[in-house]
């Protein structure tokens, strides 16, 4: 089983978001970067699959050299090898094109992405990548079992779950329930230093979207406080004043 | 040229998110001076199809035959993309539901369209084609320019107010020209929560955190939610401790929701949690710690113990019901 896991490098979830250069750029000053949490779950699941039935896990990242700490962490968690496409990741279509270009020559049985990145939240790379590689895709999966050359998965749907099967090769995106993240141990961290990390130059691709500027959401007005002994009044206010119930 | 919208059905019925997408496509059509074509795939009757005209479709295309009546992402994406191509569509609209998330990027890939998901505004056409979408899991909003000839917009549910515009659209019944061998994924089983409101579609949400002290106390949360007709949700620690299922976890690494009302009980309001709920229209925070950060993000607040406040709320909700 040859698995590819696509990882992105995102600001830690505790980050307070701020913008610079006339609100056109995210302020990275003092921001701690991590592997996108959903991608990390995808990686862990990929490792569980190869530990059971053999194979290799390659991680791929489209980004600049600044992301190397996250790539090394992926290797420390247990990935066999890593590939970095040396280009800034500013557009889902561009990123999917880079990954598709690499994956097209590699015969992966299974390709994982995260459900979405927690910074741009597009949730598009999985489907775009599958379309570009002419493969099926199943997004937002909460479980996956491999039986021979078939994958059996659960995916989230509105108000429930769907059990779905598909023969490999296949592109999937990981949702929270898929597995628990793994903390790399000392041996893994040491081993990661010498694992192969290949840097490839990007292929020509169009960038189909551009962020022009950012804004913070409008601030909330003052919070109207209700005394705990008169909590009933909340229901009245929601009914009569806010008119939401 | 037309604006084309995917009219997603759920067991033959159009949900509010679909009508929002149709209305958005109609409004977008006015901006770019094009008519609006809604495409429905699956077993949907005429009464339902006509509802698409009520909310803005000028023309309705319905694929309703055995081969296409079972949902399949590959087949639906190919059929929709093909129909869009045949109508020379340059603007495509989806609702960003789980189904939309599955099909829309695939359609964008096939058509080489520039796509924006979770869109919260109509485009600004003053200088390019620029839409607003939430980023950083709700912590910010980005103005995104779509640069390709074909543009695909997947709109955030429960964002746009819709009105009846009552058009008299024709319903065109077409047959799929896509071979079913394209369908690679196979559905084995659907399990939907019965009698519960889906969190992703809920207009009202009652959510609780560690302040509830243990899963055995969730009865009160569910009772209040039932009385209000709300869905239940929880904070990350609660789902991490398996007090509640992961599917109820709202926040930056759970699901992002924007209901009309979000009641947070015993949740302090960590930045990651607020990111997932801050777009809710009205927010209520109930916490015994007056310094809880949630009060800064809330419209209404009660400083108090959940176990004292909840019974009062349940009683008041009962009286409002009767």
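Laboratory data are not the source of any read-out in this text; all were calculated from the coordinates shown. Keep in mind that this is a model prediction, so the values were computed, not measured. So basically every Cβ, Gly included, is an ideal-geometry build from the backbone, and we count neighbours across all protein chains shown.
Based on DSSP H runs of at least 4 residues, each adding -39500 (n - 2.57), what is the mean residue ellipticity at 222 nm of chain B after dividing by all its residues, to the nearest 500 deg cm²/dmol?
Helices in chain B give a 222 nm mean residue ellipticity of -9000 deg cm²/dmol.
Pairs of alpha-carbon atoms within less than 8 angstrom and 6+ residues apart define the contacts here; what relative contact order does region A:2-217 have, in percent?
Relative contact order of region A:2-217: 27 percent.
Counting only DSSP beta bridges with both residues in the protein assembly as shown, what percent are antiparallel, rounded to the nearest 5?
Values: 41 of 117 bridges.
Antiparallel bridges: around 35 percent, rounded to the nearest 5.
Can you put A:209, A:167, B:279 in order, fewest other beta carbons within 10 Å first?
Ordered by Cβ neighbours within 10 Å, fewest first: A:167, B:279, A:209.
Full extension from residue A:236 to residue A:64: what is 0.36 nm times the residue separation minus their Cα-Cα distance, to one decimal in nm?
Working it through step by step, the gained length comes to 56.5 nm.
What ranking, highest mean first, results for peptides B:41-50, A:1-10 when packing means the other Cβ atoms within 10 Å averaged over each residue?
A:1-10, B:41-50
Kindly put B:70, B:97 in sequence by how many other C-beta atoms sit within 10 Å of each C-beta, fewest to most.
Lowest count first: B:70, B:97.
Taking the Cα atoms only, what angle lies between the long axis of helix A:68-77 and the longest principal axis of chain A, rounded to 10 degrees?
70 degrees
If you count, for every residue in B:278-286, the Cβ atoms of partner chains within 10 Å of its Cβ, what is the mean?
Per residue, the number of nearby Cβ atoms from other chains is 3 on average.
With an 8 Å cut-off on Cα pairs and a minimum separation of 6 or more residues, tell me the relative contact order of chain B in percent.
This gives 14 percent for chain B.
So what is the calculated 222 nm ellipticity per residue for chain A, using -39500 (n - 2.57) for each DSSP H run with n of 4 or more, over all residues, to the nearest 500 deg cm²/dmol?
-8000 deg cm²/dmol
On a 0 to 90 degree scale, rounded to 10, what angle separates helix B:98-111 from the longest Cα axis of chain B?
40 degrees
Taking Cα centroids, how far is region A:194-234 from region B:186-262 in Å?
So the two Cα centres are separated by 21 Å.
Restricting to bridges with both residues inside chain B, how much of the DSSP beta-bridge set is antiparallel, in percent to the nearest 5?
Numbers: 10 of 58 bridges.
Given both bridge residues lie in chain B, the antiparallel proportion sits at roughly 15 percent.
Quickly rank A:213-221, A:154-162 as a protection proxy: mean count of other C-beta atoms within 10 Å, highest first.
Working: A:213-221: 12.2, A:154-162: 20.4.
The packing order, highest mean first, is A:154-162, A:213-221.
Would you mind telling me the antiparallel percentage of the DSSP bridges in region B:204-321, rounded to 5?
Working: 0 of 20 bridges.
Around 0 percent antiparallel, to the nearest 5.
What average count of beta carbons from other chains do you get within 10 Å of the Cβ of residues in B:188-200?
Working: counts 7, 5, 6, 7, 6, 3, 2, 0, 2, 1, 4, 2, 4.
Mean shielding by partner chains, rounded to a whole number: 4.
Using a Förster distance of 30 Å, how high is the FRET efficiency between residue A:88 and residue B:126, based on the Cβ-Cβ distance and rounded to 0.05? Mind dumping the intermediate values first?
Details: r = 27 Å, r/R0 = 0.90.
Efficiency at R0 = 30 Å is approximately 0.65.
Take peptides B:19-32, B:180-193, A:35-48 and line them up by average Cβ neighbours within 10 Å, highest first, as a rough protection proxy.
Numbers: B:19-32: 22.5, B:180-193: 14.4, A:35-48: 24.4.
Going by the mean number of other Cβ atoms within 10 Å, highest first, we get A:35-48, B:19-32, B:180-193.
Label residue A:51 and residue A:165 with points 7 Å out from Cα along Cα→Cβ: what is the distance between them in nm?
With each label point 7 Å from Cα toward Cβ, the separation is 2.7 nm.
Assuming R0 = 30 Å, what is the FRET efficiency of residue B:189 and residue A:25, from their Cβ-Cβ distance, to the nearest 0.05?
0.05
Work out the FRET efficiency for residue B:320 and residue B:32 from their Cβ-Cβ distance, taking R0 = 41 Å, and round it to the nearest 0.05.
0.35
With axes computed from alpha carbons, what is the tilt in degrees of helix B:16-32 against the longest principal axis of chain B, rounded to the nearest 10 within 0 to 90?
That helix lies at roughly 50 degrees to the long axis.
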